[in-house]
């Protein structure tokens, strides 16, 4: 990408809108191609706002007794799913928030939800089991018990689901009900991200390291030296850069050339307290980070993982989640006090660069 | 966030049937003004009657480096990670572990995981013991002895099912295993709430304020007699007894009240820690010194006590007076002066269990570098077997007392209050499995200046 070098953005956060939910906001996402923004709070309140204005469209409280744990918004359609401590998953309509289907997964907490990229399947992690349902809530597949509670799930392609738990990552072909691959490592894996082509598997580990594997070669490596556990990971859309949390700095590993093995990571020192959320823009090399100190920063990265901030704002309290609008022209952050901030994100450039208007 | 803002967590351990759930319900039903969240690993027969109860299966996560101190409890990290977002709903957390849980990883979770340690503070480990069954359990399983070893408070429960004599024996066995714990006897888990909650057992500053010494009393002497003596010369006369020698500390101005006796005992414990001077029969007994009476000869042996002005003398003796038919006799009148008051003490004795406590008490200063080297080596070699460490040390050149504590290899040391006029001394307690007391004491002695 030689054109990236001449790209010199002067972007910034512009005032957008703010709103409030009832409790600590833990999950958020854009629905209806950015027309709607959905926020969930820890107590089980769910709120839908107009994407442009922040005007409330609908809200509901106490959706999951004991509290909400996850939200997943359908990539194409007009539905989203929520899960909670009650062991239930609700599939809801975006327009009114009405529950279309409630799935009872049993007694355990349902902590993770992921729609497949084409939106045909919803993967659900509940305690040691993972199951897959279709859009109308019919069970299509269920796993055996994992060795421990499943800590992360993600789709590697339309029929293949990756799960992480203590000691291993497993790839399941959920259509043919078989295990495609097992990657083992004695450690508690707390987070997982796949590169967009599905080859690189990166996991944050409880022992304050990032472990990754290349599925094609079976090679693996461990990146140590983090002060805390890297609970947040994000790949850029080209799969070149992996941004990781684990302290107040953002550590970025570059997979260009022979890296990241044997290379020094890029490091971004923007925050005074540990990173609490991390997300690359949908296109391009912009990474947004939120911190326990309440700051939100967008940084433009170079191929080596280093980079400069292009915009910053204060969200008021610990940033619970951040989300780029699908067109990358707005960034949303929700915080521990239940405040929602949405900024217009504008990058002025001399050259056209894909992903930015 | 300061420790004051962190949510305190009490860990409740004990074998199945020891009464954990009963105690839990007792705590929850009491009017203590706290909103308590409960994390429960054991699905007992007795239900818990309260709102915020979270069930979680215990998940012990070892790390790839194989280091035992990095082993944490994944279930607690998950549940507490969620609970910290609900801080407006509770101000205290109780974790009830399964009967077979190893308390090490539970405790370590609060030190090893940054997210958890930034929001929660481990307040204390409370272990319930079924007085009727613990003897067998200790013989059969490592877990029960580890639960005893880790405890800040041991609740000796179901005492109504056991005789007083058996309880005394059991208590002394438990005391041998863990000398820094507080033992509370209870029927039906009935204990005052303040003895199990808000202990700040991991906040050494607090503990030392309440209890100037970590060690629960266990004395190197069995008996004290207080004698009211006029000025003059006296003889301490002993017949043949069970030992060819006996240690003794004589204190002038010894009061007779329980409090004064305990003060005297505390003072004598320190003196007993020093090397004894040997006295032959006929020698004069000095005051405020650890001495060792030679009693090898047959028949009566006399030692001299000189009293300059009327005072009460306290004799803190290794064995009871009765064992040697010990008497105080006024020399010129040849009449026996009976003691005004006597007190028996819980004496040290042999340790049978693999798990035990080692206490090191020494006056003087230590060389910080030597101590670090010694502790570093000790914990890396024996860290697996050392469950808990607590103590305070006097660093040479440092006006403040250094307090420290550890769980396995995890170890923290911090400066505490200034010594002031107090004599400089060191007190260390190690609780662990198969520890070599002599070796450790010698190791520590080499760090002394």
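Within the option set A:124, A:142, being under 23 Å from residue B:57 (Cβ atoms) and surrounded by fewer than 22 Cβ atoms within 10 Å (Cβ to Cβ) holds for one residue only, A:142.
In summary, residue A:87 fulfils each of the numbered conditions (1) within 14 Å of chain B (Cβ to nearest Cβ); (2) over 27 Å from residue A:343 (Cβ atoms); (3) under 19 Å from the mean Cα position of the chain (by Cα) with the single exception of condition (3). Taken together, the residues in segment B:53-85 that are touching a residue at least 12 places away in the same chain (Cβ under 8 Å) and either in a helix (DSSP H, G or I) or more than 7 Å from every other protein chain (Cβ to nearest Cβ) (or both) amount to 23.
Going by the conditions given, is residue B:270 out of contact with any helix residue (DSSP H, G or I) (no Cβ under 9 Å at 6 or more places or on another chain) and under 28 Å from residue B:180 (Cβ atoms)?
Numbers: out of contact with any helix residue (DSSP H, G or I) (no Cβ under 9 Å at 6 or more places or on another chain): yes; under 28 Å from residue B:180 (Cβ atoms): yes.
Criteria met by residue B:270.
The residues listed here are B:343, B:388; of these, the one that is under 30 Å from residue B:230 (Cβ atoms) and surrounded by 15 or more Cβ atoms within 10 Å (Cβ to Cβ) is B:343.
Of the listed requirements (1) touching a residue at least 60 places away in the same chain (Cβ under 8 Å); (2) farther than 21 Å from residue B:361 by Cα; (3) crowded, with 17+ Cβ neighbours inside 10 Å, residue B:265 misses just one: (2). When we screen B:362, B:343 for residues that are within 20 Å of the chain's Cα centre (by Cα) and within 30 Å of residue B:305 (Cα to Cα), the only hit is B:362. Of all the criteria given as (1) closer than 21 Å to residue A:187 by Cα; (2) free of Cβ contacts under 8 Å to residues at least 40 places away in the same chain, the one not satisfied by residue A:64 is (1). Restricting A:99, A:42 to those that are free of Cβ contacts under 8 Å to residues at least 40 places away in the same chain, more than 30 Å from residue A:302 (Cα to Cα) and in contact with a helix residue (DSSP H, G or I) (Cβ under 6 Å, 6 or more places away or on another chain) reduces the list to A:42.
Exactly one residue out of A:89, A:110, A:99 is more than 25 Å from residue A:185 (Cβ to Cβ), modelled with pLDDT of 95 or more and surrounded by fewer than 18 Cβ atoms within 10 Å (Cβ to Cβ): that is A:99. Among the conditions (1) more than 14 Å from every other protein chain (Cβ to nearest Cβ); (2) closer than 30 Å to residue A:236 by Cβ, residue A:131 misses just one, which is (2). Within the bounds of segment B:317-324, is there any residue that is loosely packed, with under 14 Cβ neighbours inside 10 Å, under 31 Å from the mean Cα position of the chain (by Cα), at pLDDT below 90 and outside any strand (DSSP E or B)? Within segment B:317-324, one or more residues are loosely packed, with under 14 Cβ neighbours inside 10 Å, under 31 Å from the mean Cα position of the chain (by Cα), at pLDDT below 90 and outside any strand (DSSP E or B). Filtered by the rule that a residue be surrounded by fewer than 21 Cβ atoms within 10 Å (Cβ to Cβ) and over 17 Å from the mean Cα position of the chain (by Cα), segment A:267-291 gives A:267, A:269, A:270, A:272, A:273. Go through the residues of segment A:202-211 one by one and say whether even a single one is more than 14 Å from chain B (Cβ to nearest Cβ), surrounded by fewer than 20 Cβ atoms within 10 Å (Cβ to Cβ) and either under 20 Å from residue A:242 (Cβ atoms) or touching a strand residue (DSSP E or B) at 6+ places or on another chain (Cβ under 8 Å) (or both). No, segment A:202-211 contains no residue that is more than 14 Å from chain B (Cβ to nearest Cβ), surrounded by fewer than 20 Cβ atoms within 10 Å (Cβ to Cβ) and either under 20 Å from residue A:242 (Cβ atoms) or touching a strand residue (DSSP E or B) at 6+ places or on another chain (Cβ under 8 Å) (or both). Does residue A:240 satisfy the criteria of being touching a strand residue (DSSP E or B) at 6+ places or on another chain (Cβ under 6 Å) and in contact (Cβ under 8 Å) with a residue 12 or more places away in the chain? So residue A:240 fails the test. Mind listing whichever residues of segment A:34-67 are at negative phi, surrounded by fewer than 18 Cβ atoms within 10 Å (Cβ to Cβ) and not in a strand (DSSP E or B)? Listed by number, the residues that qualify are A:35, A:52, A:53, A:55, A:61, A:65.
Between B:95, B:38, which is in contact with a strand residue (DSSP E or B) (Cβ under 9 Å, 6 or more places away or on another chain), surrounded by 21 or more Cβ atoms within 10 Å (Cβ to Cβ), modelled with pLDDT of 90 or more and away from chain A (no Cβ under 14 Å)?
B:95
State which residue is nearest to the other protein chains (Cβ to nearest Cβ) when the search covers only segment B:121-142 and only residues that are over 21 Å from residue B:384 (Cα atoms) and touching a helix residue (DSSP H, G or I) at 6+ places or on another chain (Cβ under 6 Å). Reasoning before the result, please.
Here is the first cut: in segment B:121-142, the ones over 21 Å from residue B:384 (Cα atoms) are B:121, B:123, B:126, B:128-137.
After this cut, where a residue has to be touching a helix residue (DSSP H, G or I) at 6+ places or on another chain (Cβ under 6 Å) as well, the list is B:128, B:131-132, B:137.
Values: B:128: 27, B:131: 35, B:132: 34, B:137: 28 Å.
Of everything passing the filter in segment B:121-142, B:128 is nearest to the other protein chains (Cβ to nearest Cβ).
Consider segment B:125-151 and keep the residues that are within 17 Å of the chain's Cα centre (by Cα) and either modelled with pLDDT under 90 or in a helix (DSSP H, G or I) (or both). The one that is surrounded by the most Cβ atoms within 10 Å (Cβ to Cβ) is B:147.
As an exercise: evaluate residue A:40 against (1) over 30 Å from residue B:58 (Cα atoms); (2) at pLDDT 95 or above and give the number of the one condition it does not meet. Going through the list (1) over 30 Å from residue B:58 (Cα atoms); (2) at pLDDT 95 or above, residue A:40 breaks only (1).
The values are calculated or read from the model by the stated rules, or taken from the named source; none is laboratory data. None of these values were measured; they are calculated from a predicted model. With ideal geometry, Cβ positions are generated from the backbone for all residues, glycine too; neighbour counts draw on all protein chains shown.
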